[in-house]
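**Q** First the structure, then my questions, so here it is.
The values are calculated or read from the model by the stated rules, or taken from the named source; none is laboratory data. All values derive from a computational prediction rather than experimental measurement. Positions of Cβ are backbone-derived with ideal geometry, glycine not excepted, and every protein chain shown enters the neighbour counts. What goes into the accessible areas is simple: the full protein's heavy atoms, side chains included, and nothing from ligands, DNA or RNA. Shrake-Rupley method; radii C 1.70, N 1.55, O 1.52, S 1.80 Å.
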Amino acid sequence: MLAGFMLAVLLQCKIQPASADEIDTRGSERFQRQEVHTRTADANALVSSEAPIESKAAPRSTRKPGAGSAKGPYYVDFRARTAASWGHAFVWFGKTSKREVEVAGLTPAGDTVAYVLGHLMWVPSETAASYGDLDPQYLTANYRVYLNEPDAKRVFAYIKKLQASSPVWNAETSNCTAFIGSIADFMGLKVPFRWQRPEDYVNSLKAMNGGRQIVHLPSEQ
């Protein structure tokens, strides 16, 4: 009882203001998850609308397909967005020439009760898109890296394996920053300390890796 009372007080202290559209409570967020999971996003449109996040917006290429492949035709985008509490970290991944993006992240399954209990114990998780993951107005930080096709196949397979093998969520251990950190580590990126706000975590990830945009995985043994 005492631990529950102290947790409630801490949560009240940590809750941050959120936009009117967003703070309908996590219960309403969960209600919309199924719809969000089936949505597709126009990656090009969203990236252009996120120009303030990047130091300079990339101009639209006028070269023929295949003419410029230095960055690789595939990408993983480490992202952070606002939420009713500390925020959320997740990844977009896909092919640059396609409008569809796939989303992976680790969140507690259920409503506010699951979120609160997840600060004391492990609770069931969800690893697909959550409410707000495809909405640019909630974005607070992002770091995109590009891959060639063979490396992308390995990374995307790892992401899906991680989704399938992450049955629980816990605020201190199995949380959203740890989830995307596992992906970054698999890709050979330097990974920051996990106990940071999602926005700070993504910005730290980018800074620690010098903002590098191209990743090449080592050859498989």
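Listed here are the residues, each with its yes/no results for (1) more than 24 Å from Lys190 (Cβ to Cβ); (2) modelled with pLDDT under 95; (3) in contact with a helix residue (DSSP H, G or I) (Cβ under 6 Å, 6 or more places away or on another chain); (4) open to solvent by 30 Å² or more (accessible area, probe 1.4 Å).
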position	(1), (2), (3), (4)
Gly94	no, no, no, no
Leu106	no, no, yes, no
Val113	yes, yes, no, yes
Gly132	yes, yes, yes, no
Tyr138	yes, no, no, no
Arg144	no, no, no, yes
Ala152	no, no, no, no
Val155	no, no, no, no
Lys160	no, no, no, yes
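**Q** List pairs: first in the range 100-127 and under 24 Å from Leu139 (Cα atoms), second surrounded by fewer than 16 Cβ atoms within 10 Å (Cβ to Cβ) and of a type in the set (A, V, I, L, M, F, W, C), Cβ under 6 Å, 6+ apart or cross-chain?
**A** Note: pairs meeting the criteria are Ser125/Val168.
**Q** Among the residues of the range 184-198, which ones are surrounded by fewer than 20 Cβ atoms within 10 Å (Cβ to Cβ), assigned to a helix (DSSP H, G or I) and in contact (Cβ under 8 Å) with a residue 12 or more places away in the chain?
**A** Scanning the range 184-198 gives a single hit, Phe186.
**Q** Could you check the range 76-121 and list, in sequence order, the residues that are in a loop (DSSP other than H, G, I, E, B) and under 17 Å from Trp195 (Cβ atoms)?
**A** Listed by number, the residues that qualify are Ala83, Ser85, Trp86, Gly87, Leu106, Gly118, His119, Leu120.
**Q** Any idea which residue in the range 126-139 is nearest to Ala80 (Cα to Cα), counting only those that are touching a Ser or Thr at 6+ places or on another chain (Cβ under 6 Å) and outside any loop (DSSP other than H, G, I, E, B)?
**A** The first filter runs over the range 126-139 and keeps only residues touching a Ser or Thr at 6+ places or on another chain (Cβ under 6 Å), leaving 126-127, 130, 136, 138.
The next check asks that each one be outside any loop (DSSP other than H, G, I, E, B); those that pass are 126, 136, 138.
Numbers: Glu126: 17, Pro136: 10, Tyr138: 8 Å.
The extreme case among them is Tyr138.
**Q** Evaluate the range 78-86: report whether one residue or more is open to solvent by 40 Å² or more (accessible area, probe 1.4 Å) and among the β-branched types (Val, Ile, Thr). Even if it seems obvious, please write down each step before you answer.
**A** Of the range 78-86, the ones open to solvent by 40 Å² or more (accessible area, probe 1.4 Å) are 82, 86.
Right, trim to among the β-branched types (Val, Ile, Thr) and you get 82.
Yes, some residue in the range 78-86 is open to solvent by 40 Å² or more (accessible area, probe 1.4 Å) and among the β-branched types (Val, Ile, Thr).
**Q** So, Glu172, is that one in a loop (DSSP other than H, G, I, E, B), out of contact with any helix residue (DSSP H, G or I) (no Cβ under 8 Å at 6 or more places or on another chain) and open to solvent by 60 Å² or more (accessible area, probe 1.4 Å) or not?
**A** yes
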